[in-house]
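Visitor: One structure follows; several queries about it will come next.
A short reminder: the numbers here are calculations on the coordinates, not readings from a lab. It should be emphasised that the depicted structure is a prediction, and the values quoted were computed from it without experimental measurement. Cβ placement follows ideal geometry from the backbone for every residue including glycine, while neighbour counts extend to all protein chains displayed.
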Amino acid sequence: MSYILAIANQKGGVAKTTTAAGLSGALVQEGYEVLAIDLDPQANLTIALGLNPREVRHSAADLFIHTEKLASLTQATSIPGLDIVPANREMELSERFIPLRKNHELILRQQLLASEITSAYDFVVLDCPAFLGAITTNAMVAANLLIIPTQPEYFSLHALRNTLTQVRTVRQTFNPSLAYRILITLRDLRNRVHRTMSEHLLNTFPDGVLKTSIDLDTKLRESAATGMPVNFCYPKSRGAEQYRALATEILEYVREKNSIPA
Ligand SMILES: Nc1ncnc2c1ncn2[C@@H]1O[C@H](COP(=O)(O)OP(=O)(O)OP(=O)(O)O)[C@@H](O)[C@H]1O
Ligand SMILES: [Mg+2]
């Protein structure tokens with residue numbers, strides 16, 4: 001079985017895509033086979049992993065609109081061990097078409113259970129749009145673990161609350177075992193609000209916040225333009241180091257749950 005990690009938050013610009021790319025790269029470096037799936041019409045993960053969305057003929061949208069098989073949509077990236085299902089503009093239609101289908105919440109989960117996927121990948125990483133609609137619901141229904149990147153600022157709390165409400169709904173309906181962890185991102189320790197809010201998050205969710213936090217690092221911004229995850233283009237940067245630490249923490253968590261071989 002592949003272990004499914006969804007990266008979602010109702011809030012935009014909180015490093016969901018940066019986390020999807022950074023974590024995927026770090027897991028590949030640990031020797032795991034990883035499939036990254038870009039579920040966002042903005043196609044930022046597709047770009048960050050070196051593909052041009054305008055040249056993408058078959059995207060994740062085919063899964064939702066044309067009932068295409070997931071296994072036929074995977075593509076290699078320039079990083080051995082890292083494949084992608086890219087996104088393109090057609091993803092915008094998915095959000096409208098998905099609810100028209102029967103059992104639409106289960107579309108992605110059922111596709112991820114195909115033997116071509118489970119036998120090929122140790123991890124699947126789902127990058128979601130900043131919208132708690134049908135696409136994000138599909139990702140949460142499919143996921144073993146949801147990672148919620150959260151900037152330690154006041155405006156983040158509202159979106160976090162809404163995201164957690166969605167988690168509860170998904171647990172009550174299609175995925176009772178959905179786990180979640182909050183990942184503090186874009187943290188600037190010189191900023192008093194960031195320090196206070198990071199503490200507040202830790203106090204409010206004592207077991208729900210990952211030990212690893214991701215600090216501001218311009219190399220993470222620049223890595224998107226290289227088409228490679230940060231640990232492949234800037235392996236010595238702070239961002240690379242922190243995403244490696246995140247991968248280690250996630251691997252420990254997954255091993256504790258006996259979900260993957262050590
Ligand atoms: N730790 C960091 N340090 C500096 N810049 C960062 C960091 N993490 C992300 N960024 C930058 O912040 C911006 C938003 O990040 P990203 O696109 O990953 O967020 P997102 O949550 O996926 O956004 P969206 O909601 O639009 O999908 C990008 O320009 C990215 O390069
Ligand atoms: Mg994004």
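Visitor: So which of Lys219/Lys257; Lys102/Lys257; Lys69/Lys102 end up more than 24 Å apart by C-alpha? Intermediate results must be reported in sequence, preceding the final value.
Guide: Numbers: Lys219/Lys257 33 Å; Lys102/Lys257 32 Å; Lys69/Lys102 17 Å.
The answer is Lys219/Lys257; Lys102/Lys257.
Visitor: Related question: Under 13 Å from the Cβ of Arg221, count the other residues' Cβ atoms, weight Lys and Arg +1, Asp and Glu -1, and hand me the total. Before the final figure, lay out the partial values.
Guide: Values: positive: Lys219, Arg238; negative: Asp215, Asp217, Glu222.
Net of charged neighbours comes to -1.
Visitor: Pull out a ≥ b ≥ c, the square roots of the eigenvalues of the alpha-carbon gyration tensor of segment 48-87, then state rounded if a/c is under 1.5, prolate if not and a/b is larger than b/c, and oblate in the remaining case. Please report the intermediate quantities before stating the final value.
Guide: Details: a/c = 3.02, a/b = 1.53, b/c = 1.98.
Oblate is the answer for segment 48-87, as a/c is 1.5 or above yet b/c matches or exceeds a/b.
Visitor: Let me ask something else. Taking amide hydrogens as modeled 1.01 Å from N in the peptide plane, which residues meet the under 5 Å criterion relative to Tyr3, leaving out close sequence neighbours?
Guide: So Tyr3 has HN proximity to Phe123, Val124.
Visitor: Determine the shape class of the chain: with a ≥ b ≥ c the square roots of the Cα gyration tensor eigenvalues, call it rounded for a/c under 1.5, and otherwise prolate if a/b is greater than b/c, oblate otherwise. Could you put the intermediate results ahead of the total?
Guide: Details: a/c = 1.44, a/b = 1.22, b/c = 1.18.
Rounded, because the longest to shortest axis ratio a/c is under 1.5.
Visitor: Among Ile117, Ile184, rank each residue by its count of other Cβ atoms within 10 Å, from fewest to most, as a rough exposure measure.
Guide: Ile117, Ile184
Visitor: May I ask for the net charge around Leu51, where only other residues with Cβ less than 12 Å from the Cβ of Leu51 are counted and Lys, Arg are +1 while Asp, Glu are -1? Don't jump to the answer; show the numbers that get you there.
Guide: Values: positive: Arg54, Arg57; negative: Asp38, Glu55, Asp83.
Here the count lands on -1.
Visitor: Considering only DSSP beta bridges where both residues belong to the chain, give the percentage that are antiparallel (nearest 5). Don't jump to the answer; show the numbers that get you there.
Guide: Working: 2 of 27 bridges.
Given both bridge residues lie in the chain, the antiparallel proportion sits at roughly 5 percent.
Visitor: Amide H of Val85 versus every other amide H placed in the peptide plane: which residues, excluding those fewer than 5 positions away on the same chain, fall under 5 Å?
Guide: Result for Val85 returns Ala36, Ile37, Asp38, Gln75.
Visitor: For Arg89 and Ser177, FRET efficiency with R0 = 35 Å and r from the beta-carbon atoms, rounded to 0.05?
Guide: 0.55
Visitor: Taking a ≥ b ≥ c as the square roots of the Cα gyration tensor eigenvalues, with a/c under 1.5 meaning rounded and otherwise prolate when a/b beats b/c, else oblate, which class fits segment 186-262? Can you show the working numbers first?
Guide: Numbers: a/c = 3.07, a/b = 1.04, b/c = 2.96.
It is oblate, given that a/c is not under 1.5 and a/b is not larger than b/c.
Visitor: Note down the relative contact order for segment 3-256 as a percent, whole number, built from C-alpha pairs under 8 angstrom at least six residues apart.
Guide: Details: 512 pairs, mean separation 67.4, N = 254.
Normalised by residue count, the contact order of segment 3-256 is 27 percent.
Visitor: Reachable aspartates and glutamates from Lys236, Cα under 15 Å, same-chain residues fewer than 8 places away excluded?
Guide: Lys236 reaches Asp215, Asp217, Glu222.
Visitor: Can you give me the long-range amide H partners of Gln10? Hydrogens built in the peptide plane at 1.01 Å from N, cutoff under 5 Å, separation of 5 or more residues or another chain.
Guide: Correct list: Thr163.
Visitor: Fewest Cβ neighbours within 10 Å first, please rank His200, His104 accordingly. Don't jump to the answer; show the numbers that get you there.
Guide: Details: His200 13, His104 16.
In increasing order of surrounding Cβ atoms, one gets His200, His104.
Visitor: If you rank His194, His58, His66 by fewest surrounding Cβ atoms within 10 Å, what's the result?
Guide: Numbers: His194 20, His58 17, His66 10.
Ranked by crowding around the Cβ, least crowded first: His66, His58, His194.
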